[in-house]
Structure formats: structure tokens, C-alpha cells
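To keep things clear, I will list the structure first and then write my remarks on it.
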Amino acid sequence: MKELRIPDPRTNDRIRVPEVRLVGPQGEQVGVVPIAVALRLAQEAELDLVEVAPDAKPPVAKIMDYGKFKYEAAQKAKEARRNQVNTELKEVRFRLKIDVHDYETKRKRAEGFLLGGDKVKAMILFRGREQSRPEQGVRLLHKFAEEIADFGVVESRPTQDGRNMTMIIAPLKNKSDVKGEQNAKRAADKAERRASEHAAKAKPQEDAAPAASTEPATTESTAE
């Protein structure tokens, strides 16, 4: 079984394209700018220019502290490995020439698995001569990993075994944490319902309280 390493993103002067869709350091959308402008803005901010979506047209680049980004990604991967207890391995399968709708359906399914605290095994099934173009499979899995980065982190890089290529994504939260959050939410919802029911029962009693008499007093007068 051969491991195919997902390459590190291109940074700064290694980004050799005429223009990029630029994202600022706070996530703000700057728009499409020449690469020279993007590099200058990154230098002025004393940060790095990182190509985060190389397959987009034009590629998407973000101004960030790349060293800090790599450190945080490593910490997430470490935490994900620590949270392996009680996690199940769910599988999503792709064809190399998958259509957009099918891809989105499988991506959302994978996000649901990861939110539930389970790992996801992303598998590409090659057909015929596709097997001789593993770099296309790596590119598809790289894109998949980027798009679900808010839900999981790559634990096992793409490996090819015959007609299949697989990659393992680990959840950012383990099942015990997810279950604890779900239990806390159910308890909060239950307490809110009880408070609403109590308030609803108390209101009729307040409405039924006797009101003070408002009839005007009468005075009898005698004419002489």
C-alpha cells in the first residue's frame, strides 16, 4: 500500500499565478487581485500569503500567520488521535468523475458523521485507466479535506491500494464530548419547558383574582 502525501499549500513567492481571490487576515473578502498586490498586502501586514484553494478559478489565497496555522493544525490532529475511543468508522465513496450534486450530498453526510463524533473513511473507486492517474484522486481528496476542515482533520493521508484510494478524517470532538453537549442541551430545553408550563399555570390564577368595586357612591339630598 503506497501513501500519497497531500502537499503543503504554496506560500508567498511559491504561488505562481497571475491573480488570486484574496481573503484578508480577519476573513474579509478582498476580491480578485493581481498576485503582486496580494503579496504586497501580506508583507505590509507582516504575515504570509497562503494558497488555500489551488483548484479554484482563480485560486483562493489567504493572508495569515502560516507558522501558527500549521501549529494549530498539528494540535487538532493530535487531539483527534486522542479522541479515538468509542468512535466508529463511517465510509463515503466517490467516483473520480463525480457530479456536483452527488459530491455535495456525500460531503454533507460526512459532516454529519463528524459532528456525531465518528471518523470518516473517504474512498475513491478508480475505473479502468483512472488507476494510472492517482494525482487526480489526491486532488479530489485534498479538496474534500479542505471543505470539511471545520468538522474534522486529516488523520491518515491518501493511500492507494489497487483500484481504491482512501483517506481517514477524524472528528474534532469525540463521542463523549458530543454526547455531553447533547445531554446538556436536552436538560436546558427541559428546564425551559417546565418554566413555560409553570408560567402558563400561574397566569389563570392571577386573572381570576377578585377585582375591587368601581361603582360610584350615591348621596341622598333633601330639598327644602
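Some notes on this structure:
- Sites matching GluC sites (Glu not before Pro) across segment 1-71 that sit in DSSP coil, with at most 13 neighbouring C-beta atoms within 10 Å: Glu28, Glu46
- On segment 37-141, 50 percent of the accessible area sits on carbon and sulfur atoms, based on a 1.4 Å probe.
- Heavy-atom surface of segment 85-130, accessible at 1.4 Å and reported per residue (Å²): 58
- Extension gain, Ala149-Arg186: 0.36 nm per intervening residue step, less the Cα-Cα distance, totals 10.6 nm.
- Computed from the Cβ-Cβ distance with R0 of 30 Å, the FRET efficiency linking Gln131 to Glu91 stands at 0.90.
- Rounded FRET efficiency, nearest 0.05, which uses the C-beta distance separating Glu28 from Tyr71 and R0 of 25 Å: 0.60
- Efficiency of FRET between Thr105 and Glu19 - r from beta-carbon atoms, R0 45 angstrom, step 0.05: 0.90
The values are calculated or read from the model by the stated rules, or taken from the named source; none is laboratory data. All figures in this text were calculated on a predicted structure; none of them were measured in a lab. No Cβ is skipped: glycine too gets one built from the backbone with ideal geometry, and neighbour counts run over all protein chains shown. Heads up: the accessible areas ignore ligands, DNA and RNA and are worked out on the full protein's heavy atoms, side chains in. Shrake-Rupley method; radii C 1.70, N 1.55, O 1.52, S 1.80 Å.
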